[in-house]
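Below is one structure, written out as structure tokens, with a few remarks after it.
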Amino acid sequence: MKVLIVYYSTYGHVHKMAEAIAEGVTQVDGAEAVLRRVPETLPDGVLQKMGAVGAQQAMSHVPVCTVEELTAADAVIFGTPTRFGNMCGQMRQFLDATGALWAQGALVGKVGSVFTSSATQHGGQESTILSFHITLLHHGFVVVGLPYAFQGQMRIDEVTGGSPYGASTIAGGSGERMPSENELEGARFQGKHVAGIAKKLHG
Ligand SMILES: Cc1cc2nc3c(=O)[nH]c(=O)nc-3n(C[C@H](O)[C@H](O)[C@H](O)COP(=O)(O)O)c2cc1C
């Protein structure tokens with residue numbers, strides 16, 4: 001059973017969460033986690049101005065995803081940084097290239113799930129995940145979130161991401177904060193949860 005984790009990350013926060021999601025997936029017997037990045041759409045010069053070159057190099061070992069790889073997966077977990085309360089353009093462009101898959105109904109019945117990162121606590125994590133779900137529903141995905149069985153999302157003793165909609169991290173205004181242990185635990189939980197449901201659905 002294959003769980004594809006496909007994401008975009010500029011500075012490495014979503015990447016780090018994706019690795020934790022993969023750890024969770026592999027806790028389910030027979031589940032294979034496949035990590036992929038969506039293609040970059042920004043020119044090198046812009047990435048340089050954004051101070052993202054080092055982080056991009058550190059993630060360059062992760063292969064770039066093709067839309068066809070979506071069809072080979074039993075479940076797909078999508079990761080995107082928040083951009084104005086929405087998914088990033090790189091992810092939008094990747095998804096907008098899946099029209100042929102939609103026409104064939106190629107993704108109907110697969111498990112789909114979303115995780116995210118934003119600079120600020122209330123900068124749109126929930127809107128990013130929930131608006132992403134619209135695309136998943138158009139494709140016929142069975143949408144799965146992060147249930148309160150992951151009790152770490154109840155914490156108020158520290159600043160933390162994570163909601164019933166999906167795992168998340170708060171990166172800080174200049175990306176200075178990396179995912180906390182609680183946020184990584186939420187990502188592991190989501191990976192395991194999605195893989196467990198996919199196993200029940202697809203055996
Ligand atoms: C164009 C742009 C728009 C952004 N919009 C938001 C936003 O609406 N809310 C927020 O909290 N952070 C926003 N951010 C910050 C990113 O979400 C943050 O850099 C990202 O979560 C870091 O994850 P990454 O290292 O995986 O890219 C924005 C960043 C950029 C470049």
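The values are calculated or read from the model by the stated rules, or taken from the named source; none is laboratory data. Keep in mind that this is a model prediction, so the values were computed, not measured. No Cβ is skipped: glycine too gets one built from the backbone with ideal geometry, and neighbour counts run over all protein chains shown. Each accessible area value is taken on the protein alone, full model and side chains, heavy atoms only, with ligands, DNA and RNA left out. Shrake-Rupley method; radii C 1.70, N 1.55, O 1.52, S 1.80 Å.
Any residue in region 33-52 that is closer than 16 Å to A198 by Cβ, away from the ligand (no atom under 16 Å from the Cβ) and either free of Cβ contacts under 8 Å to residues at least 60 places away in the same chain or open to solvent by 60 Å² or more (accessible area, probe 1.4 Å) (or both)? The answer is yes, given that some residue of region 33-52 is closer than 16 Å to A198 by Cβ, away from the ligand (no atom under 16 Å from the Cβ) and either free of Cβ contacts under 8 Å to residues at least 60 places away in the same chain or open to solvent by 60 Å² or more (accessible area, probe 1.4 Å) (or both).
So for region 62-79 (the condition being farther than 20 Å from E32 by Cβ and at pLDDT 95 or above), does at least one residue qualify? Let's see the steps before the verdict.
To start, the set of residues in region 62-79 that are farther than 20 Å from E32 by Cβ comprises none.
Checking region 62-79: not a single residue is farther than 20 Å from E32 by Cβ and at pLDDT 95 or above.
Could we say that V14 is away from the ligand (no atom under 16 Å from the Cβ) and either open to solvent by less than 20 Å² (accessible area, probe 1.4 Å) or in contact (Cβ under 8 Å) with a residue 24 or more places away in the chain (or both) here? Considered against the rule, which asks whether it is away from the ligand (no atom under 16 Å from the Cβ) and either open to solvent by less than 20 Å² (accessible area, probe 1.4 Å) or in contact (Cβ under 8 Å) with a residue 24 or more places away in the chain (or both), V14 comes out as no. If you check L70 against the conditions, is it open to solvent by less than 10 Å² (accessible area, probe 1.4 Å) and more than 14 Å from the ligand (Cβ to nearest atom)? Here the answer is yes, as L70 does meet what is asked.
Elements of the type helices (runs of 4 or more DSSP H) sitting completely within region 71-139 and holding at least 3 residues that are touching a residue at least 12 places away in the same chain (Cβ under 8 Å) and under 12 Å from the mean Cα position of the chain (by Cα): these cover 125-139.
Per the conditions (1) surrounded by 15 or more Cβ atoms within 10 Å (Cβ to Cβ); (2) away from the ligand (no atom under 16 Å from the Cβ), the sole criterion not satisfied by Q104 is (1). Every condition in (1) out of contact with any strand residue (DSSP E or B) (no Cβ under 8 Å at 6 or more places or on another chain); (2) open to solvent by less than 20 Å² (accessible area, probe 1.4 Å); (3) among the aliphatic types (A, V, I, L, M) holds for A22 except the one numbered (1). For region 146-203: of the residues being part of a loop (DSSP other than H, G, I, E, B), in contact with a Ser or Thr (Cβ under 8 Å, 6 or more places away or on another chain) and away from the ligand (no atom under 16 Å from the Cβ), which is least open to solvent (accessible area, probe 1.4 Å)? Across region 146-203, the extreme among qualifying residues is L146.
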